[in-house]
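To keep things clear, I will list the structure first and then write my remarks on it.
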Ligand SMILES: [Zn+2]
């Protein structure tokens, strides 16, 4: 039985992860500090430039997966090797000054500092080091990379336990509401952190809140976000997206309800035309708000009206003449508690 099933069944107090029982964490009122391995401990190279420090607290946590193999080697040596290889990739291939994310958690549950000074500033709780893990969120969001690929498999218990402990400690130090634990795909057109790990985020929020001895307002509530649509997907959301792309001036997407090659080309054209960070044919958290904003401006367009009709049929409810972004999210089935409207300061 999955955690999701347990949750849906309303069982509280204990979730099972891969056969291991974990307390749901309603007892401890203070967040235990995870045993961080600092940069020196895993053998980091010195950064190419001093880290940029901002005198402010982070407001959210962004969950990533490394998209590396789901290794069975749970040793600290393997964890250190992962941290070194990520740092080398980010510095030598991406051209960044240091590891992009603030923290890395191995499948064995070893939690390692990413960018230099991340641990020290987290302990202080009043400043953050600027990362390179999600453009627009590198100052306001702490990035955690979880080792593995969680497209169709859950993270192992050791990783999950450490992830929730690390999130609880970060929330406590920076006074972050656990509802602000989100996924990379909430901001970018990416599958990261994988469908399975992303699907577990509501449970993570609940468990972190439990570790902090508090309740999330609207516990289990979905976080307002956007659907991630990609090649092969079908359904009313795809059909609506095709209409909205047409309303945005991209005629290539015939309204078929199937995310076919023409839709892929249309999404790429939209991404190119709107300056998306990556042109990859994934319609996700970066492009949806742009598409929906365009649709709101062109609310009288026959294709926008068709999109609304398709979505209302799937999820009946009142729709204003000019649907705002929360309305689009509700119509797309991804409405919920709104995210704090905070992004990095302009450079
Ligand atoms: Zn990511």
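Here the average projected area of the convex hull drawn through the C-alpha atoms of the chain stands at 17.5 nm².
Centre-to-centre, using Cα atoms only, the range 54-128 and the range 257-304 are separated by 32 Å. Within the listed set 72, 276, 241, the Gaussian network model of the chain (springs between alpha-carbon atoms below 10 Å) gives the highest mean-square fluctuation for 72. Helix 236-247 axis versus longest C-alpha principal axis of the chain: approximately 70°, rounded to the nearest ten. One decimal place: the segment residue 278-residue 305 gains 6.8 nm when fully extended, by the rule 0.36 nm per residue minus the C-alpha distance. Assuming R0 = 30 Å, can you tell me the calculated FRET efficiency for the pair residue 77 and residue 339, based on Cβ-Cβ distance, to the nearest 0.05? That pair, residue 77 with residue 339, gives E of 0.20. Quick one: helix 302-314 against the long Cα principal axis of the chain, what's the angle to the nearest 10°, folded into 0 to 90? On a 0 to 90 degree scale, this one is about 60. Taking the longest Cα principal axis of the chain as reference, the axis of helix 76-88 is set at about 50 degrees. Highest mean packing comes first when the peptides 108-114, 308-314 are listed by Cβ atoms within 10 Å, giving 108-114, 308-314. Can you tell me how the range 236-331 classifies by the Cα gyration tensor, rounded, prolate or oblate, using a/c under 1.5 as the rounded cut? Here the range 236-331 falls in the prolate category. Packing order of peptides 181-191, 77-87, highest average first: 181-191, 77-87 (average count of other Cβ atoms within 10 Å over each peptide's residues).
Every number in this text was worked out from the coordinates using simple rules, so none of it is lab data. All of these numbers come straight from a predicted model, not from anything done at the bench. Because the Cβ atoms are built from the backbone with ideal geometry, glycine has one as well, and the counts that use them run over all protein chains shown.
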